Amino acid sequence: MHPAIRVEQVAEYENQEVSIRGWVYNRTHKGKLVFLLLRDGYGFVQCVAFKNDVDAELFNQLVHIPQESSIIVTGVIRADKRAPGIPGGYELGITQFQIIQAAADDYPMALKEHGVDFAMDNRHFWIRMPSQWAILRIRAMVISAIREWFDQNGFINLDTPILTPAACEGTTTLFETPYFDEGVAFLAQSGQLYNEANIFAFSKVYAFGPTFRAEKSKTRRHLTEFWMFEPEMAFCDLDELMEVGEQSITYIVKRVLNERAPELASLGRDTSQLDTIEPPFPRISYDEAVEMIGKIRDRTEDPEQKELLNFEWGMDFGSPHETALTEEFNKPVFVYGFPTQVKAFYMEPWQGRPEVSKSVDLLAPEGYGEIIGGSERISDPELLLQRLHEHNLPEDAFKWYLELRRFGSVPHSGFGLGVERTVSWICGINHIRETIPFPRTIKRMYP
């Protein structure tokens, strides 16, 4: 009996008769031949039916089978370097097939150009297209690689609440919801504060889940709901934090290059820069970055670009500044020591420079911006209380967080890694909305 295989296994079954279960992505009829591009969730493979090899009635059904019909095809796998697919180079010579359901003729995502709004309105169908399928396969591999590296390096996964009583990153970007008789709760911006409690029991932990920012941002780098990986470490300073960041990012990139090469190729991704990703990553201070941006601006001749690169010490980076900085490097670059005024209340101040925090951003090359943001956390209870007051945050809501500093406090650090931005960079795609199955933005709740 012939085996049922996945498309990704075709190379293992050359010259053997197999069955593949999937959906018709495309159909071409050329006289006595019908070509089907079949997708099964694991890849795309060309299937060829010759009129003399199959029953006449079945051949006629293939000639007219609609896009997205579900079928089971049986035939012999043969090598053909010209055959399209993901991975390409193989095709199946059809000897028999079974139609599970003939799809309706009015499939919305027909094989033609579609505008972004139309594609987003039909996201539930758009994810079937080869480009979206490849991106989301890479996303799954990125998540797998993240977990694998941290699991192998002494971290334990501890889930943190999605409903929280107080802000972590700032009060202006919160989604608020009634919470029984307790008043209001907020959708989490981060699991960090709870992770800080977890390290005093487990030393090295990570949380992974959805986070929410009520920012009215329309840029290609922002989503309202996104997924963030957040490691937190006891007895860890800023230098050690950066080492964890560069080691884990290197592992993620290499895993994708090794296991998702066909998907990257189908996206047309030039992987030459990804091939160079190795520790150590460049490290520059915020002060050095400000100076560098000034020099880049001075040599820029385009007046519009020169205006976008205006920058003064004390500002946070915008997209043009991050892009300009990363163009100076061929690897991700750490920028550390940001002004205290543009960072969160819990960040440790630089010794002798209270206006500077022990914070760090990791900027991806090729203009993809921040993929990691982290810091050393304040370990002194009195200083933390002072910062809460300076940020007008309610002391009662953070009572438990302050108590962490009174019972066995140690230097500790952590960061957040944005999954969607990391996927955007690795895939080399323009907009973050394609890196998550169903993106949420300020103008889109459906599908």
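The values are calculated or read from the model by the stated rules, or taken from the named source; none is laboratory data. In this text the structure is predicted, and so the values were computed from the model without any measurement. Ideal geometry is used to build each Cβ from the backbone, glycine not excepted, and the neighbour counts take in all protein chains shown.
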Of residues in the range 127-146 being under 13 Å from PHE44 (Cβ atoms) and of a type outside the set (A, V, I, L, M), the one nearest to the chain's Cα centre (by Cα): ARG137
Yes/no for GLY367 being surrounded by 15 or more Cβ atoms within 10 Å (Cβ to Cβ), in a loop (DSSP other than H, G, I, E, B) and touching a helix residue (DSSP H, G or I) at 6+ places or on another chain (Cβ under 8 Å): yes
Residue pairs meeting the criteria (Cβ under 7 Å; at least 6 apart or on separate chains; first in the same structural domain as TYR368 (by TED's automatic domain parsing), in the range 325-336; second basic (Lys, Arg)): PHE334/ARG283; TYR336/ARG283
Filter pass, GLN101 being under 23 Å from TRP126 (Cα atoms) and surrounded by 14 or more Cβ atoms within 10 Å (Cβ to Cβ): no
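Table: residues versus (1) free of Cβ contacts under 8 Å to residues at least 60 places away in the same chain; (2) among the β-branched types (Val, Ile, Thr); (3) outside any loop (DSSP other than H, G, I, E, B).
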{"position": "ILE146", "(1), (2), (3)": "no, yes, yes"}
{"position": "GLN189", "(1), (2), (3)": "yes, no, no"}
{"position": "ASN195", "(1), (2), (3)": "no, no, yes"}
{"position": "ALA214", "(1), (2), (3)": "yes, no, no"}
{"position": "ARG221", "(1), (2), (3)": "no, no, no"}
Some residue of the range 207-229 being touching a strand residue (DSSP E or B) at 6+ places or on another chain (Cβ under 7 Å) and of a type in the set (S, T, N, Q): yes
Number of the exception - ALA134 against (1) within 21 Å of PHE212 (Cα to Cα); (2) in contact (Cβ under 8 Å) with a residue 40 or more places away in the chain: (1)
All positions within the range 178-196 that are of a type outside the set (Asp, Glu) and surrounded by fewer than 17 Cβ atoms within 10 Å (Cβ to Cβ): PRO178, TYR179, PHE180, GLY183, VAL184
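Conditions tested, residue by residue: (1) in contact with a Ser or Thr (Cβ under 9 Å, 6 or more places away or on another chain); (2) closer than 28 Å to HIS124 by Cα; (3) part of a strand (DSSP E or B).
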site	(1), (2), (3)
LEU36	yes, yes, yes
GLN46	no, yes, yes
GLU57	no, no, no
VAL63	no, yes, no
PRO66	no, yes, no
VAL76	yes, no, yes
ILE94	yes, no, yes
PHE97	yes, yes, yes
MET109	no, yes, no
The range 409-447 - residue that is more than 9 Å from the chain's Cα centre (by Cα), small (Gly, Ala, Ser) and part of a strand (DSSP E or B) and, of those, farthest from PHE150 (Cα to Cα): SER413
Meets criteria (not in a loop (DSSP other than H, G, I, E, B) and not basic (Lys, Arg)) for PHE180: no
Single unsatisfied condition, CYS236 versus (1) closer than 26 Å to TRP350 by Cβ; (2) without any contact (Cβ under 8 Å) to a residue 60 or more places away in the chain: (2)
Residue count for the range 299-344, restricted to those that are under 22 Å from the mean Cα position of the chain (by Cα) and among the acidic types (Asp, Glu): 2
Residues of the range 283-318 that turn out to be loosely packed, with under 15 Cβ neighbours inside 10 Å and either closer than 28 Å to TYR251 by Cβ or assigned by TED's automatic domain parsing to the domain that holds GLY245 (or both), as a count: 1
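To keep it simple, each residue is scored yes or no on (1) of a type outside the set (Phe, Trp, Tyr); (2) without any contact (Cβ under 8 Å) to a residue 40 or more places away in the chain; (3) surrounded by 15 or more Cβ atoms within 10 Å (Cβ to Cβ).
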residue	(1), (2), (3)
GLY93	yes, no, yes
GLN96	yes, no, yes
ASP105	yes, yes, no
PRO108	yes, yes, no
LEU111	yes, no, no
HIS114	yes, yes, yes
ARG128	yes, no, yes
Hits in the range 249-263 (condition: surrounded by fewer than 21 Cβ atoms within 10 Å (Cβ to Cβ) and not basic (Lys, Arg)): THR250, TYR251, LEU257, ASN258, GLU259, ALA261, PRO262
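Yes or no, residue by residue, for (1) under 22 Å from SER375 (Cβ atoms); (2) of a type in the set (Val, Ile, Thr):
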{"site": "ILE277", "(1), (2)": "no, yes"}
{"site": "SER285", "(1), (2)": "yes, no"}
{"site": "MET292", "(1), (2)": "yes, no"}
{"site": "ARG299", "(1), (2)": "no, no"}
{"site": "GLU304", "(1), (2)": "no, no"}
{"site": "LEU308", "(1), (2)": "no, no"}
{"site": "ASP316", "(1), (2)": "yes, no"}
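Yes/no per residue for (1) part of a helix (DSSP H, G or I); (2) not small (Gly, Ala, Ser):
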{"position": "ASN258", "(1), (2)": "yes, yes"}
{"position": "PRO262", "(1), (2)": "yes, yes"}
{"position": "SER272", "(1), (2)": "no, no"}
{"position": "PRO280", "(1), (2)": "no, yes"}
{"position": "GLY294", "(1), (2)": "yes, no"}
{"position": "PHE311", "(1), (2)": "no, yes"}
Matching residues, the range 345-382, being under 30 Å from ILE429 (Cα atoms) and either among the hydrophobic types (A, V, I, L, M, F, W, C) or over 28 Å from the mean Cα position of the chain (by Cα) (or both): VAL360, LEU362, LEU363, ALA364, ILE371, ILE372
